[in-house]
Amino acid sequence: MDLHKGMGQIDSRIEHGIEEFIRMQFGISSTDPMFNRQVDLFEAGYVDSMGIVELLEFLRGEFNVEIPDDDLLADDFSNIAGITQIVSRNLTSQAGASRMAQEAPPAAEV
């Protein structure tokens, strides 16, 4: 499988999952003309400060990813497309760190 194609499919699933969660959790109609994957969720009033906590819990549970504080404060974290990029990037970096830890020899053998 082409790596870029595979990542595109993963990103698409992540983006769809985030959108579905936000629509269901915050009662956003599928016919809402203002709602899309680029709208600022916070400025448009779709998600409030408590909603951020719920969203982070969803991301942690659904994708097994921790979002660093720097990413929480980034402009990208304001819309579904940007959150998808952040999740995807952190999945990749956290998987790499986990893989490196598994491959490292135990301290006693060094």
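The values are calculated or read from the model by the stated rules, or taken from the named source; none is laboratory data. Being a predicted model, the structure only gives us computed values, none of them experimental. A quick note on method: Cβ atoms are made from the backbone with ideal geometry, for glycine too, and the neighbour counts reach across all protein chains shown.
Couple of notes before you dig in:
- So residue 49, is it surrounded by fewer than 11 Cβ atoms within 10 Å (Cβ to Cβ), within 19 Å of residue 12 (Cα to Cα), modelled with pLDDT under 95 and over 13 Å from the mean Cα position of the chain (by Cα): no
- For the range 54-68, the set of residues classified as in a helix (DSSP H, G or I) and either hydrophobic (A, V, I, L, M, F, W, C) or modelled with pLDDT under 95 (or both) consists of 55, 56, 58, 59, 63, listed by residue number.
- Pairs where the first residue, in the range 12-28, is modelled with pLDDT under 95 and the second is charged (D, E, K, R), C-beta under 6 Å, 6+ apart: none
- Among the candidates 29, 12, residue that is under 16 Å from residue 91 (Cβ atoms) and either of a type outside the set (Lys, Arg) or not in a helix (DSSP H, G or I) (or both): 12
- Filter result (closer than 19 Å to residue 48 by Cβ, of a type in the set (A, V, I, L, M, F, W, C) and buried (at least 17 other Cβ atoms within 10 Å of the Cβ)) within the range 59-96: 59, 67, 77, 80, 83
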